[in-house]
Amino acid sequence: HTGAIASIAYSVDGRKLASASIDQTVRIWDVSSGKLEHTLSDHDDIVLAVAYSPSGNLLASAGYDRTVRLWDAETLQSLGSLNEHTSTIRALAVSPDGSKLATAGEDRVVLLWDLQTKTKSGEFAGHVASVTTLAFSANGDQVASSSSDGTTIVWNSNDGRRTATLSANDGSIRS
């Protein structure tokens, strides 16, 4: 990379590491040799988040260009893009079964995507500042979003209900 790395993610088998950078690229590294294997340069701006699906067949990235880019994790062929956010995307999370993708960022909403159809399946609003990190529960029925507003909201990923709000009274939450 020619700029700072903002996010990293291991492939499921641990042989590859994807890195997202302010240089507007995602790079795929061979962990055992340390060698760069591929550079993905489809983003038009800084890349802040990268994630592999638990099945290992999908790689997702997102950032300042408000676009989620999807690739086949083996061939690195583009599988398309998701374009519904109105501002920088700061966080990505793939559900444990690989069927859903959660995205969030400076527009303060969590978007849920059906990865089979590549369509938006939910929109969860409740933060008053940028969402900085996301995580699915082990069974995928809940997704948690943390924000620089000092809260973590737990959402039912099937119907969008807010199931809990956790507050960090001393400031923002970062992953």
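Of the conditions (1) open to solvent by 20 Å² or more (accessible area, probe 1.4 Å); (2) free of Cβ contacts under 8 Å to residues at least 40 places away in the same chain; (3) outside any loop (DSSP other than H, G, I, E, B), Ser19 fails just one. Which one is it?
All conditions pass for Ser19, except number (1).
So which residues in the range 1-16 are part of a loop (DSSP other than H, G, I, E, B) and not charged (D, E, K, R), if there are any at all?
First pass over the range 1-16, keeping only residues part of a loop (DSSP other than H, G, I, E, B): 1-4, 11-15.
Scanning the range 1-16 gives His1, Thr2, Gly3, Ala4, Ser11, Val12, Gly14.
Out of the residues in the range 138-175 that are in a loop (DSSP other than H, G, I, E, B), out of contact with any Ser or Thr (no Cβ under 8 Å at 6 or more places or on another chain) and modelled with pLDDT of 90 or more, state the one that is surrounded by the most Cβ atoms within 10 Å (Cβ to Cβ).
Among those residues, the one meeting the criterion is Gly160.
Would you mind telling me which numbered condition in (1) within 10 Å of Val110 (Cα to Cα); (2) within 16 Å of the chain's Cα centre (by Cα); (3) open to solvent by less than 60 Å² (accessible area, probe 1.4 Å) Gly126 fails?
(2)
I'm told Arg90 meets every condition in (1) outside any strand (DSSP E or B); (2) crowded, with 20+ Cβ neighbours inside 10 Å; (3) not hydrophobic (A, V, I, L, M, F, W, C) except one. Can you identify the failing condition by its number?
Of everything listed in (1) outside any strand (DSSP E or B); (2) crowded, with 20+ Cβ neighbours inside 10 Å; (3) not hydrophobic (A, V, I, L, M, F, W, C), Arg90 misses just condition (1).
Kindly indicate the residue of the range 95-117 that is in contact with a Leu (Cβ under 7 Å, 6 or more places away or on another chain) and assigned to a loop (DSSP other than H, G, I, E, B) and also surrounded by the most Cβ atoms within 10 Å (Cβ to Cβ) among those meeting that condition.
Across the range 95-117, the extreme among qualifying residues is Leu115.
Give me the pairs, please: first residue somewhere in the range 157-175 and at positive phi and of a type in the set (Gly, Ala, Ser), second residue anywhere and open to solvent by 100 Å² or more (accessible area, probe 1.4 Å) and at pLDDT 95 or above, beta-carbon distance under 8 Å, and either six or more positions apart or on two chains.
Gly160/Glu123
The values are calculated or read from the model by the stated rules, or taken from the named source; none is laboratory data. As the structure is a prediction and not an experimental result, all values here were calculated from the model. When we count neighbours, we look across all protein chains shown, and the Cβ atoms used for this are built from the backbone with ideal geometry, even at glycine. What goes into the accessible areas is simple: the full protein's heavy atoms, side chains included, and nothing from ligands, DNA or RNA. Shrake-Rupley method; radii C 1.70, N 1.55, O 1.52, S 1.80 Å.
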